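Everything on this sheet refers to the single structure shown next.
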Amino acid sequence: MPRERQGIISTYFIGIDAGSSLCKAAIFDLSGRQFAEATRRTPISRPKPGWCELDPEMCWTAVVDVIRDALRSSGLEPQQIGGIGISAAMVGAWLVDSAGQAVRPGINWEDSRSQEIIDRLTAADPDVGSRIFQSSGSVLQQGCTLPVLAWLVENEPQTIAQTAYVLSYKDFIRMRLTGFAATDRSEASVIPGSARERQRSEAMIALFGLEEHSHLLPPVFDSETVQSFLSSEAAALTGLPQGLPVGIGAGDVAATVIGAGGLDANGATAVLGTTCMVGVCHEKPVFTPPDVGLLFSLPGDVWYRSMVNVAGTLNLDWAIGALAPDLASNPDRYQLLTAMVEDVPIGARELTYLPYLSESGIIAPVVSLDARAQFAGLTSRHGRPELFRAVFEGVALAMRDLLDMLNFAGSEVVLTGGGSQSPFWSQMIADILQRDVVVPHGTQFGARGAALLVATALGHFPDIRTASRAVAGNAKRYRSNPAMRSEYESALQRYRGHRDRLLSKN
């Protein structure tokens with residue numbers, strides 16, 4: 001039943017979405033309408049090559065600050081808040097003692113220190129990557145929890161000796177809010193675990209030699225449940241009532257699909273944020289094509305089969321800093337860029353950009369740790385407008401690559417992430433994908449998905465699929481223009497030719 005306190009039916013919910021470099025909180029009602037939001041930067045530290053870490057105390061302070069700021073700007077009373085939902089960047093490793101205090105910096109999903117562990121496993125069994133994929137449905141990334149934990153056991157035994165739990169980012173946040181250690185099925189199945197069982201896998205734990213340390217992994221619960229409540233200490237810091245329900249929550253991918261209204265099976269949802277991801281929801285786990293992409297076990301018995309280009313809007317942000325530093329601090333920089341490139345013809349005058357900007361390479365359309373971004377076909381006749389047009393197109397053409405791998409037969413794709421806020425880019429993506437692009441109203445979809453999960457747990461919706469459908473309306477639709485098809489197909493073929501030449505070298 002909906003929670004009632006002091007005669008008030010609490011139908012507003014706070015959603016927290018903690019990304020790799022930005023912590024966000026927003027407040028929603030049951031229709032998904034957003035009343036307030038707040039953000040804080042959480043700078044990433046890279047103390048050694050391949051390491052990617054976050055300061056746990058800085059992250060916790062950011063969580064407290066965004067909750068307080070969102071509540072203050074909403075104009076709501078603390079007693080009107082019905083619960084807190086949590087989402088955050090997935091996998092990695094946040095090690096805490098029994099009191100929930102971090103014993104070392106949090107390790108982010110981008111971290112690659114475990115590659116030496118993976119190399120040894122592969123040398124002993126060249127098929128180990130396929131074995132892992134057949135369990136989790138995902139290509140193993142260096143920042144997944146089990147290989148990271150294996151590296152810590154081997155290299156930081158003194159840290160492990162102090163550790164009571166190895167958590168993901170969102171689970172660290174919940175423990176600091178409530179004192180309760182737990183995780184959800186979306187995390188447990190991808191660490192790597194078992195996508196079929198929506199659970200951790202004893203076989204995968206044994207594969208990484210972690211049987212003696214499996215007790216460090218917390219119990220697993222359904223995302224749309226409440227197992228703990230806001231502590232007195234956290235209540236004093238946030239200004240919220242002690243005993244407020246705090247949901248188990250889900251990883252950022254799952255929460256974003258839910259918050260965007262995309263949870264129904266056979267629907268496609270793309271995320272054009274720092275990372276670029278395109279995926280399709282299914283009623284059962286899908287393991288094809290094999291040994292490529294990721295499979296997420298979403299709440300509501302849905303599986304999200306996705307392909308990832310790793311770098312999305314990161315490409316545009318890099319290009320602004322490198323090619324247009326005069327615009328970098330201008331609050332209207334994105335509008336100025338759009339005006340700069342609008343008159344450049346499709347194909348950027350035969351200039352192609354491959355958007356493989358991540359230091360960890362790519363995991364679709366093939367797995368290549370060495371794939372790197374590049375301009376191809378660059379000549380003296382190309383200036384800043386063509387360079388930027390090529391970057392916009394390169395990311396959109398990469399999304400076409402990803403969607404084609406999924407054998408998606410639908411007529412529309414839901415688009416979220418910061419890139420979806422650009423009408424120019426959204427229309428380009430619709431024309432390149434040859435499908436309508438639907439951009440849901442709002443911006444904080446991960447936070448909204450987290451809020452819907454706790455609202456469902458408290459009985460406001462019969463199930464999470466119903467909750468996701470309830471917020472799916474009021475979207476902006478970009479219709480694919482058939483007149484653009486021929487020119488973009490030429491650009492696509494040129495892009496794929498350069499892509500194949502690059503990847504064949506790697």
Which of the residues belonging to the stretch 48-71 are assigned to a helix (DSSP H, G or I), of a type in the set (D, E, K, R) and out of contact with any Gly (no Cβ under 8 Å at 6 or more places or on another chain)? 57, 65, 69
The stretch 169-207: number of residues that are touching a residue at least 24 places away in the same chain (Cβ under 8 Å) and under 25 Å from residue 100 (Cβ atoms): 25
Conditions first: (1) open to solvent by 10 Å² or more (accessible area, probe 1.4 Å); (2) farther than 27 Å from residue 71 by Cβ; (3) within 20 Å of the chain's Cα centre (by Cα). Residue 224 passes all but one, so which condition is the exception? (2)
The listed residue being in contact with a Pro (Cβ under 8 Å, 6 or more places away or on another chain) and among the charged types (D, E, K, R), out of 119, 125, 171, 111: 171
Just checking: which of the helices (runs of 4 or more DSSP H) contained wholly in the stretch 437-506 hold 2 or more residues that are farther than 30 Å from residue 351 by Cα? 445-457, 464-470
Quickly run through the stretch 306-326 and pick out the residues that are outside any strand (DSSP E or B), within 17 Å of residue 273 (Cβ to Cβ) and not acidic (Asp, Glu). 309, 310, 311, 312, 313, 314, 315, 316, 318, 319, 320
Suppose we filter the stretch 399-430 for residues that are open to solvent by less than 10 Å² (accessible area, probe 1.4 Å) and of a type outside the set (Val, Ile, Thr); how many remain? 11
Can you pull out every residue in the stretch 363-377 that is touching a Phe, Trp or Tyr at 6+ places or on another chain (Cβ under 7 Å), surrounded by 16 or more Cβ atoms within 10 Å (Cβ to Cβ) and part of a loop (DSSP other than H, G, I, E, B)? 371, 373
Any residue at all in the stretch 474-487 that's within 30 Å of residue 225 (Cβ to Cβ) and surrounded by 14 or more Cβ atoms within 10 Å (Cβ to Cβ)? yes
Any idea which of (1) in a loop (DSSP other than H, G, I, E, B); (2) over 21 Å from residue 320 (Cβ atoms); (3) not hydrophobic (A, V, I, L, M, F, W, C) is the one residue 400 doesn't satisfy? (1)
Evaluate the following for residue 233: is it at pLDDT 95 or above and more than 26 Å from residue 178 (Cβ to Cβ)? no
Return only the number of the condition from (1) surrounded by 21 or more Cβ atoms within 10 Å (Cβ to Cβ); (2) out of contact with any strand residue (DSSP E or B) (no Cβ under 9 Å at 6 or more places or on another chain) that residue 317 does not satisfy. (1)
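Restricting attention to the stretch 205-221, report how many residues are of a type in the set (A, V, I, L, M) and open to solvent by 10 Å² or more (accessible area, probe 1.4 Å). Write out each step before concluding.
Applying the first criterion (of a type in the set (A, V, I, L, M)) to the stretch 205-221 yields 205-207, 210, 216-217, 220.
Still in the running and open to solvent by 10 Å² or more (accessible area, probe 1.4 Å): 206-207, 217, 220.
Looking only at that region, the number is 4.
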Which of (1) under 30 Å from residue 225 (Cβ atoms); (2) surrounded by fewer than 16 Cβ atoms within 10 Å (Cβ to Cβ) does residue 449 not meet, given it meets every other one? (2)
Screening 360, 380 for residues that are surrounded by 18 or more Cβ atoms within 10 Å (Cβ to Cβ) and either in a loop (DSSP other than H, G, I, E, B) or among the hydrophobic types (A, V, I, L, M, F, W, C) (or both) leaves only 360
Cβ contacts < 7 Å: first residue within 15 Å of residue 100 (Cβ to Cβ) and open to solvent by less than 10 Å² (accessible area, probe 1.4 Å), restricted to the stretch 59-73; second residue modelled with pLDDT of 95 or more and aliphatic (A, V, I, L, M), any location; separation 6+ or different chain. Result? 59/18; 63/16; 63/18; 63/173
Complete set of residues in the stretch 264-299 that are in contact with an Asp or Glu (Cβ under 7 Å, 6 or more places away or on another chain), farther than 16 Å from residue 90 by Cα and at pLDDT 95 or above: 281
List every residue pair whose Cβ atoms lie under 7 Å apart, where the two residues are 6 or more positions apart in sequence or sit on different chains, the first residue falls within the stretch 343-361 and is aromatic (Phe, Trp, Tyr), and the second residue, located anywhere, is open to solvent by 10 Å² or more (accessible area, probe 1.4 Å) and part of a loop (DSSP other than H, G, I, E, B). 356/372; 356/373
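Tell me, which helices (runs of 4 or more DSSP H) wholly within the stretch 89-195 include 3 or more residues that are within 20 Å of residue 47 (Cα to Cα), open to solvent by less than 10 Å² (accessible area, probe 1.4 Å) and modelled with pLDDT of 95 or more?
It comes to 145-155.
For the stretch 327-338, how many residues meet the condition of being open to solvent by 40 Å² or more (accessible area, probe 1.4 Å) and assigned to a helix (DSSP H, G or I)?
4
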Answer with yes or no whether residue 224 is assigned to a loop (DSSP other than H, G, I, E, B) and among the acidic types (Asp, Glu). yes
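The values are calculated or read from the model by the stated rules, or taken from the named source; none is laboratory data. Treat the numbers as computed from the prediction; the structure is a model and nothing was measured. No Cβ is skipped: glycine too gets one built from the backbone with ideal geometry, and neighbour counts run over all protein chains shown. Only protein heavy atoms, including side chains, enter the accessible area calculation; ligands, DNA and RNA are left aside. Shrake-Rupley method; radii C 1.70, N 1.55, O 1.52, S 1.80 Å.
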